[in-house]
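Input: one structure, supplied below.
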Amino acid sequence: MDLGLLLSIVIGNIFISNFILFKFLGLCPFIGVSRKTGPALSMGAAVIFVMTLSSIITWCIYNFLLLPFNMEFLRTISFILVIASFVQLAEMIILKTNPTLYRVLGVYLPLITTNCAILGVTVLNIDMFFKEGKALSFSFFYAVLQGFCAGLGFLLAMLLMSGIRERLDILDVPDSLKGIPLAFIVASLMSLAFMGFSGFKF
Amino acid sequence: MNNKLIVSTSPHIYTRESSAKIMWMVTLSLVPAGIAGVYIFGLSSLWVILTGIISAVLTEAAIQKLRGAAVTLYDGSALLTGLLLAYCLPPAVPLWVVACGSVFAIAIGKQAFGGLGQNIFNPALAGRAFLLAAWPTYMTTWTNPRGALDAITSATPLDNAFVGVTYWDLFIGRRSGCIGEVCIIALLAGALFLLMSGYISWHIPFSFIATAGIFTWAFGADTLFSGQWLFHILSGGLILGAFFMATDYVTSPLTNKGKLIFGFGCGLFTGIIRLWGGYPEGVCYAILLMNAACPLIDRYTRPRRFGTK
Amino acid sequence: MKKLFQEFTKGIHRENPIFALALGLCPTLAISTSVKTGLGMGLAATFVLIGSNVIISAIRNGIPHKIRIPCFIVIIATFVTIVELVMQAYFPPLSKQLGIFVPLIVVNCIIMCRAEGFAAKNPPTRSLFDALGMGAGFTLGLVLISAIREAIGSGRLFGYILFKGYQPALTLALAPGALLVLGLLLGLSNLIFKRK
């Protein structure tokens, strides 16, 4: 196992190429659910959960189903369907088994289906950890780690953003910038700050 | 005052006149470092400082006019932003770059949020980060200090750790670097004045510098606990950032506990970026990152939350 | 006919997906570094939009209400796969530049939103014009943003150098610039159209 690659997956997905601030994936929930810290936290937790499990499932599908039968072109369709149905299933299971968790995550799970960060991370996993139709060694582990860390990065950006927006709500900002426009300007400055992490070497 | 509930800025009990007074006092305390910078790097740095100030003030006035708000130049905040921005620029930077930075700092960093007391990020640092991303070559071209015998031609002062630079050189500012950050003794004089007169508290500078020092001491060399911590404290923009930028009332936490956490985060990120990051200097980014976390820190260090875990 | 024309123009102006509805922002930001990629993305999304809108509206009465979303996804994903393969075959450089944002058209909110909000309730011709308008609005928005970013961030337009001696502000070509330009444009459109 390559320690450098491992570290670069962790640091890379959380800070350097944060899914929201640098890859621009998952902007809709980032803007939509970041008004208050509580929901933002739950959304982030739900995203970590779904991202990790989606990475596991899609990796298996790609490696054991699509690759052996030469059906790589079905990647997009199969992934989105699997993610959608998995989210539905997860929602039902959580509702039955853990009502408290359902109250925290429940409302956000359906929203996640159309979160491009989820499909994005699964597609990236395939792009990064498969070479010429073959899985790299430990590629399953990398994929799961990437799913989890991308979710963590998402949570971090959500949390910071929600804190800032709670404060912005009580400020007298220019009318035309109120709400979404200013949220993007804040995101832009955050992304400037995160640029400090670029070019990490270990 | 308007009837909105304003909960962010820390000088609650001051009126507008007092917040203007704070701005002017901070500006005053920065003057020695500026004089030292001009002495060390020559007259070109004076033009950088003046351009920074003038374009910041003009931008502020223009935007306030456009918005139909009262023009509040006398509060000195735009001037201070321009001054701080100029202090963390290299002396030889083209003047139009300085002007662009000032415009960005005031327009995006401050006025987009509604003006004084409302910005989330330190405007001067936002301006600097913008410039560093926009024109990296100008932002990393350094001038040799006056009296340097052999030319120090490194990309950045932090890169060539100890080539002919002693601690004393660092202390009096005989090194290349940004205009306002080099002369530590002048900065400390200003900082002492601010601390003594109570305009800033010790919490943020202390935890910032201590954390950065301990971190670079622990991880700064190949073996643990043998890094050159004093070098890291005296070099770069650490002193300028810790005393004059991280302590900005608007963008730092309200409570003392929050301030300690804020300073700790600044020091930690500074150390991480300096030792392992792609950029040689991390102070600017560290403070910006902690600015982003500041509302959260405030939220979780509210006094009523003590004891609840 | 006038009505159909209205379906077309609303997507460009009053209900512009980017500036009025704030939909489809992820690709808008990610691939707007140059006008070329912006245009390519806009056209690809428009194609998918037209295809999915027309098909969904044609079979809208045959889709059971409960499983409509998965059905929509399958239809949309089919068109996306077509675009993906065509692009790989005929425009390999563009396909490389757009990267994962081609498969991600599937989860582009604009397409789902028009499928659910318009095509599922309206006849095919009107859906076609709706798709054309929305696609045009999306493409125009993309081209606008990418033109600003390319002009300021790299001093070029369609790859041609604009002014000799201009020193591009690289920030605009990077991630912070994308967010900044979008934020300011959204604010500007609020200011102009007095939307609230």
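The values are calculated or read from the model by the stated rules, or taken from the named source; none is laboratory data. Everything numeric in this text was worked out from a predicted model, so none of it was measured. Heads up, the Cβs are rebuilt from the backbone with ideal geometry, glycines too, and the neighbour counts pull from every protein chain shown. What goes into the accessible areas is simple: the full protein's heavy atoms, side chains included, and nothing from ligands, DNA or RNA. Shrake-Rupley method; radii C 1.70, N 1.55, O 1.52, S 1.80 Å.
Residue by residue, here is whether (1) of a type in the set (S, T, N, Q); (2) crowded, with 17+ Cβ neighbours inside 10 Å; (3) over 15 Å from the mean Cα position of the chain (by Cα) holds:
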{"position": "A:Tyr62", "(1), (2), (3)": "no, yes, yes"}
{"position": "A:Thr100", "(1), (2), (3)": "yes, no, yes"}
{"position": "A:Arg103", "(1), (2), (3)": "no, no, yes"}
{"position": "A:Val123", "(1), (2), (3)": "no, yes, no"}
{"position": "A:Glu132", "(1), (2), (3)": "no, no, yes"}
{"position": "A:Ala135", "(1), (2), (3)": "no, yes, yes"}
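For region C:161-196, how many residues are among the hydroxyl-bearing types (Ser, Thr, Tyr) and facing chain A (nearest Cβ under 10 Å)?
2
Could you go through region C:116-131 and let me know if any residue there is within 12 Å of another protein chain (Cβ to nearest Cβ), surrounded by fewer than 16 Cβ atoms within 10 Å (Cβ to Cβ), out of contact with any His (no Cβ under 6 Å at 6 or more places or on another chain) and in a helix (DSSP H, G or I).
yes
A further question on this structure: Out of all the residues in region C:31-41, is one or more more than 11 Å from C:Gly135 (Cα to Cα), of a type in the set (A, V, I, L, M) and assigned to a loop (DSSP other than H, G, I, E, B)?
yes
Follow-up question, since we're still on this one. When you check B:Ile49 against the structure, is it touching a residue at least 12 places away in the same chain (Cβ under 8 Å), more than 14 Å from chain A (Cβ to nearest Cβ), open to solvent by 20 Å² or more (accessible area, probe 1.4 Å) and more than 30 Å from A:Ser162 (Cβ to Cβ), yes or no?
In short, no.
Okay, residues lined up against (1) open to solvent by 30 Å² or more (accessible area, probe 1.4 Å); (2) modelled with pLDDT of 90 or more; (3) part of a helix (DSSP H, G or I):
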position	(1), (2), (3)
B:Phe206	yes, yes, yes
B:Gly258	no, yes, yes
B:Gly265	no, yes, yes
B:Leu275	yes, no, yes
B:Met290	no, yes, yes
B:Leu296	no, yes, yes
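Table: residues versus (1) open to solvent by 40 Å² or more (accessible area, probe 1.4 Å); (2) among the hydroxyl-bearing types (Ser, Thr, Tyr); (3) touching a residue at least 24 places away in the same chain (Cβ under 8 Å); (4) out of contact with any Lys or Arg (no Cβ under 6 Å at 6 or more places or on another chain).
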site: B:Ser176; (1), (2), (3), (4): no, yes, yes, yes
site: B:Leu192; (1), (2), (3), (4): yes, no, no, yes
site: B:Gly213; (1), (2), (3), (4): no, no, yes, yes
site: B:Asp222; (1), (2), (3), (4): yes, no, no, yes
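Also, quick follow-up: Of all residues in region A:64-97 being exposed (fewer than 13 other Cβ atoms within 10 Å of the Cβ) and out of contact with any helix residue (DSSP H, G or I) (no Cβ under 9 Å at 6 or more places or on another chain), which is farthest from A:Glu132 (Cα to Cα)?
Looking at the filtered set, the residue picked out is A:Thr97.
Still on this structure, please answer the following. Has region C:141-160 got at least one residue that is farther than 28 Å from B:Gly101 by Cβ, buried (at least 22 other Cβ atoms within 10 Å of the Cβ) and more than 10 Å from chain A (Cβ to nearest Cβ)?
For region C:141-160, residues farther than 28 Å from B:Gly101 by Cβ, buried (at least 22 other Cβ atoms within 10 Å of the Cβ) and more than 10 Å from chain A (Cβ to nearest Cβ): present.
If you check every pair at least six apart or on different chains, which have Cβ atoms under 7 Å apart with a residue in region A:127-146 that is of a type in the set (Asp, Glu) first and a residue that is surrounded by 14 or more Cβ atoms within 10 Å (Cβ to Cβ) second?
From residues that are of a type in the set (Asp, Glu), the pairs are A:Asp127/C:Ile100.
Does any residue of region B:111-121 turn out to be within 25 Å of B:Ile297 (Cα to Cα), part of a helix (DSSP H, G or I) and either open to solvent by 10 Å² or more (accessible area, probe 1.4 Å) or touching an Asp or Glu at 6+ places or on another chain (Cβ under 8 Å) (or both)?
Yes: one or more hits.
Read through the list (1) closer than 22 Å to B:Leu132 by Cβ; (2) assigned to a helix (DSSP H, G or I), then give the number of the only condition that B:Tyr279 fails.
With (1) closer than 22 Å to B:Leu132 by Cβ; (2) assigned to a helix (DSSP H, G or I) applied to B:Tyr279, the lone miss is (2).
When you look at C:Phe19, is it over 25 Å from A:Leu25 (Cβ atoms) and either open to solvent by 10 Å² or more (accessible area, probe 1.4 Å) or in contact (Cβ under 8 Å) with a residue 40 or more places away in the chain (or both), yes or no? Before the answer, list the steps.
Working: over 25 Å from A:Leu25 (Cβ atoms): no; either open to solvent by 10 Å² or more (accessible area, probe 1.4 Å) or in contact (Cβ under 8 Å) with a residue 40 or more places away in the chain (or both): yes.
Spelling it out, it is not the case that C:Phe19 is over 25 Å from A:Leu25 (Cβ atoms) and either open to solvent by 10 Å² or more (accessible area, probe 1.4 Å) or in contact (Cβ under 8 Å) with a residue 40 or more places away in the chain (or both).
Here's another thing I want to ask about it. Filter region C:174-192 down to residues that are surrounded by fewer than 21 Cβ atoms within 10 Å (Cβ to Cβ), touching a residue at least 40 places away in the same chain (Cβ under 8 Å) and aliphatic (A, V, I, L, M), then give me how many there are.
1
Let me confirm something: among C:Val107, C:Val181, C:Val143, C:Val102, which residue is among the β-branched types (Val, Ile, Thr) and touching an Asp or Glu at 6+ places or on another chain (Cβ under 9 Å)? First the steps, then the outcome.
On the way: C:Val107 fails: touching an Asp or Glu at 6+ places or on another chain (Cβ under 9 Å); C:Val181 fails: touching an Asp or Glu at 6+ places or on another chain (Cβ under 9 Å); C:Val143 fails: touching an Asp or Glu at 6+ places or on another chain (Cβ under 9 Å).
One residue alone meets the criteria, C:Val102.
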